[in-house]
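Some notes on the structure that comes next.
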2 protein chains.
Amino acid sequence: MLGNFTYCNPTKLYFGKDALEGLNKELPKYGKNVLLVYGGGSIKKNGIYDKVLSILKENGKEVFEDAGVMPNPTADKLREGVARARAAKADLILAVGGGSVCDYSKAVSVSVYCDDDPWDKYFKRFEEVTCKIVPVGCVLTMVGTGSEMNGGSVITNTEEKFKGGRVFDENVYPKFSVLNPEYTFTVPRYQMISGIFDIMSHILEQYFSGEDDNTSDYLAEGLLRSLIRSAETAAENPTDYEARSNIMWTATWALNTLIAKGKTEDWEVHMIGHAVSAYTNATHGMTLAAVSLPYYRHIMPYGLSKFARYAVNVWGVNAEGKTERAVAEEGLNKMEKWMKKIGLVMNITELGATPEMLDGIVSATVINKSGYKVLTAEEVKGILTASL
Amino acid sequence: MLGNFTYCNPTKLYFGKDALEGLNKELPKYGKNVLLVYGGGSIKKNGIYDKVLSILKENGKEVFEDAGVMPNPTADKLREGVARARAAKADLILAVGGGSVCDYSKAVSVSVYCDDDPWDKYFKRFEEVTCKIVPVGCVLTMVGTGSEMNGGSVITNTEEKFKGGRVFDENVYPKFSVLNPEYTFTVPRYQMISGIFDIMSHILEQYFSGEDDNTSDYLAEGLLRSLIRSAETAAENPTDYEARSNIMWTATWALNTLIAKGKTEDWEVHMIGHAVSAYTNATHGMTLAAVSLPYYRHIMPYGLSKFARYAVNVWGVNAEGKTERAVAEEGLNKMEKWMKKIGLVMNITELGATPEMLDGIVSATVINKSGYKVLTAEEVKGILTASL
């Protein structure tokens with residue numbers, strides 16, 4: 001735990017099969033006008049929309065809608081949402097959906113009472129939030145981003161071809177989130193598996209950094225072990241409640257700042273994955289899966305002891321009589337086997353990338369300076385080539 | 001993660017060598033009158049008192065004192081503290097000390113604006129907090145109880161010879177806590193080791209319950225592994241910053257509700273330990289250490305697979321070719337070796353208990369109904385006899 005840090009996470013979570021009843025405790029705390037934010041309408045098919053609406057009505061709320069939030073919410077949609085929230089004089093923004101809907105709702109919440117253009121202010125100039133913030137609540141229907149309990153918000157500017165990420169302070173975190181594992185049962189299998197690797201990647205991006213013996217690393221190993229086991233169960237039986245609930249809870253704790261404490265973090269896999277996404281429009285988690293092993297095999301020599309520790313503590317590799325390098329390699333091989341077993345996409349070709357795209361993807365890749373190895377453009381190209 | 005639960009922990013933590021500077025961010029949020037609560041005065045010797053007082057003055061605070069909080073704060077002292085807080089018209093209660101000082105401050109905070117006797121209301125009748133609560137902040141100087149980030153409060157009624165425990169809701173949690181690992185360097189070695197086992201016991205009391213494959217168990221295993229490793233380092237070199245900081249952080253997360261989510265919990269070791277304390281006045285953590293192995297060896301057959309898992313995942317026991325029982329036993333043997341190595345007290349005789357006291361201790365032991373085995377009075381006596 002070297003270094004100085006602060007920790008604060010005030011989001012209240014309602015977890016379990018009856019979690020939605022938490023709305024009855026939360027809604028009375030806010031004013032009459034609720035902006036209900038959701039995506040493409042799957043919540044209307046699976047009945048969640050009706051349930052939420054009926055609880056809102058029972059609590060005497062005036063409901064205004066903001067539908068159609070896309071998987072990568074755009075700056076244009078954000079501006080539209082701000083206008084809708086203003087017209088509604090929203091006292092509460094209720095996000096019902098996955099990470100995108102939740103990310104988007106946070107971005108709207110800090111822009112309603114602000115005169116500047118929200119994209120320019122928060123995602124380009126990275127300005128502080130100084131205006132009044134409309135409180136956000138979240139009913140989660142998809143798992144992976146951790147947005148239900150953090151300040152993260154990712155908005156894409158399609159004109160500028162740029163995906164802008166922002167991490168807001170705890171005053172922007174959802175005030176409450178409803179986590180019912182059963183709501184994730186109807187997510188298509190491909191999205192479920194993709195979300196699982198997004199979670200794994202969040203943990204690994206924090207874990208593979210730094211040299212000290214940090215409690216955060218032990219917590220990360222615990223989350224990884226839980227995720228690995230539950231992912232295998234869920235891949236076989238997506239309606240296994242215990243597995244899906246463990247995955248949901250792991251996702252929340254994988255990216256709510258806890259396991260980053262005292263760490264430098266890496267996030268280069270996400271940077272390469274984002275660039276692949278920009279060229280292929282592939283699902284986020286799958287882009288991470290497709291580039292992870294080439295990336296980790298490349299940086300392994302620069303953080304060898306941590307990769308050996310990963311092999312032993314997470315994958316149960318028996319280190320006896322083996323070199324550190326052999327142990328580390330065995331760990332990544334076990335990870336590869338697991339990835340294939342649960343059905344992850346193992347190369348970017350399958351995601352639509354071609355050799356001709358590589359130079360473009362390389363130049364779109366942001367290079368972080370915090371992991372075990374600061375990559376050169378050539379190294380990024382090598383990793384992408386190995387990912388084809 | 002079976003079951004429905006809520007999670008909310010709004011305490012803001014300032015961690016590290018510069019953590020005390022966090023007071024400059026927090027103090028302006030509260031009114032002028034601060035009740036400074038502390039114990040026997042060790043903070044005057046190690047300089048922490050002067051540092052805190054100077055920051056309070058710099059922030060224009062009027063400081064009122066409530067000193068002399070004892071290791072097991074009494075109901076009488078609580079009544080005195082309430083009177084002092086009222087006289088001070090306290091806008092903030094600042095606890096500077098260990099778990100007792102922090103526990104005590106929370107009990108004062110919910111009693112200042114309440115007409116009933118605080119012992120009767122909260123620790124005897126277990127009534128809800130309905131009156132205004134004075135906010136509490138904490139500067140931690142001793143590690144173990146987790147009181148810096150939870151709603152726990154233990155008060156002892158000396159007339160009634162009863163130690164009353166209460167867990168308040170998150171509105172009673174400290175608003176902020178300052179965690180500087182260096183402040184724990186001056187704690188005597190015996191207290192440090194005792195605190196380490198208190199932490200371990202908190203984790204184990206939650207871990208050894210239930211049958212499902214729960215993310216909480218994986219997190220608990222991570223905390224245990226971190227604690228075991230850092231305790232060995234700290235036992236050899238108490239001023240190893242990294243080890244002490246990991247221990248401090250582990251203590252906070254061991255008892256701030258996270259790893260109890262989806263669990264039934266046990267707490268029988270604490271019940272027996274409290275009863276031993278009542279008869280011997282021994283240090284809390286040492287009473288837990290002295291009875292833990294006899295207790296766990298006794299209940300092991302009723303939770304065998306969990307004890308085998310504990311052996312493998314926490315103590316690195318190689319399970320190959322062994323029976324579950326042999327693996328489980330090897331784990332507890334490794335735990336025993338570690339306990340002796342770091343210098344824990346391994347029997348209640350060394351704490352002042354005699355065979356003549358056993359019947360009294362047995363009848364003072366509260367029997368919980370949540371662990372792997374609901375004990376009979378005879379079984380408690382057997383465990384105590386094995387602990388002599």
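The values are calculated or read from the model by the stated rules, or taken from the named source; none is laboratory data. Keep in mind that this is a model prediction, so the values were computed, not measured. Methodologically, a virtual Cβ is constructed for each residue, glycine included, from the backbone with ideal geometry; neighbour enumeration extends over all protein chains shown. Accessible surface is based on the protein model in full, side chains and every heavy atom, while ligands, DNA and RNA are left aside. Shrake-Rupley method; radii C 1.70, N 1.55, O 1.52, S 1.80 Å.
So, residue B:246, is that one in a loop (DSSP other than H, G, I, E, B), open to solvent by less than 10 Å² (accessible area, probe 1.4 Å) and either in contact with a strand residue (DSSP E or B) (Cβ under 6 Å, 6 or more places away or on another chain) or on the phi < 0 side of the Ramachandran plot (or both) or not?
In short, no.
The lone criterion from (1) more than 9 Å from every other protein chain (Cβ to nearest Cβ); (2) touching a strand residue (DSSP E or B) at 6+ places or on another chain (Cβ under 9 Å); (3) open to solvent by 20 Å² or more (accessible area, probe 1.4 Å); (4) part of a helix (DSSP H, G or I) left unmet by residue B:27 is number (3). Of everything in region A:155-179 that is open to solvent by 50 Å² or more (accessible area, probe 1.4 Å) and assigned to a strand (DSSP E or B), the residue that is modelled with the lowest pLDDT is A:162.
Let me confirm something: among A:302, A:279, A:241, which residue is surrounded by fewer than 24 Cβ atoms within 10 Å (Cβ to Cβ) and in contact with a Pro (Cβ under 7 Å, 6 or more places away or on another chain)? Being surrounded by fewer than 24 Cβ atoms within 10 Å (Cβ to Cβ) and in contact with a Pro (Cβ under 7 Å, 6 or more places away or on another chain) holds for just one of A:302, A:279, A:241, which is A:241. The single condition among (1) within 30 Å of residue A:278 (Cα to Cα); (2) open to solvent by 20 Å² or more (accessible area, probe 1.4 Å); (3) among the acidic types (Asp, Glu) that residue A:50 does not meet is (1). Of all residue pairs spaced 6 or more apart or on separate chains, none has beta-carbon atoms under 6 Å together with a first member in region B:113-130 that is more than 22 Å from residue B:158 (Cβ to Cβ) and a second member that is at pLDDT 95 or above and of a type in the set (Ser, Thr, Tyr).
Could you please let me know if residue B:20 is in a helix (DSSP H, G or I), within 12 Å of chain A (Cβ to nearest Cβ), of a type outside the set (Asp, Glu) and touching a helix residue (DSSP H, G or I) at 6+ places or on another chain (Cβ under 8 Å)?
Answer is yes for this residue.
On inspection, residue A:68 fails the criterion of being within 14 Å of another protein chain (Cβ to nearest Cβ), open to solvent by 20 Å² or more (accessible area, probe 1.4 Å) and in a loop (DSSP other than H, G, I, E, B). Within region A:216-234, residues that are β-branched (Val, Ile, Thr) have Cβ atoms under 7 Å from residues that are outside any helix (DSSP H, G or I) in these pairs: A:233/A:240, counting only partners at least 6 apart in sequence or on another chain.
Being open to solvent by 10 Å² or more (accessible area, probe 1.4 Å) and in contact (Cβ under 8 Å) with a residue 12 or more places away in the chain is a property that residue B:327 lacks. Those helices (runs of 4 or more DSSP H) of region B:316-388 in which at least 3 residues are within 23 Å of residue B:198 (Cα to Cα) and small (Gly, Ala, Ser), considering only elements entirely within it, cover B:377-387.
So for region A:208-226 (the condition being away from chain B (no Cβ under 11 Å), among the hydroxyl-bearing types (Ser, Thr, Tyr), closer than 20 Å to residue B:249 by Cα and not in a helix (DSSP H, G or I)), does at least one residue qualify? So far as region A:208-226 goes, yes, one or more of its residues are away from chain B (no Cβ under 11 Å), among the hydroxyl-bearing types (Ser, Thr, Tyr), closer than 20 Å to residue B:249 by Cα and not in a helix (DSSP H, G or I).
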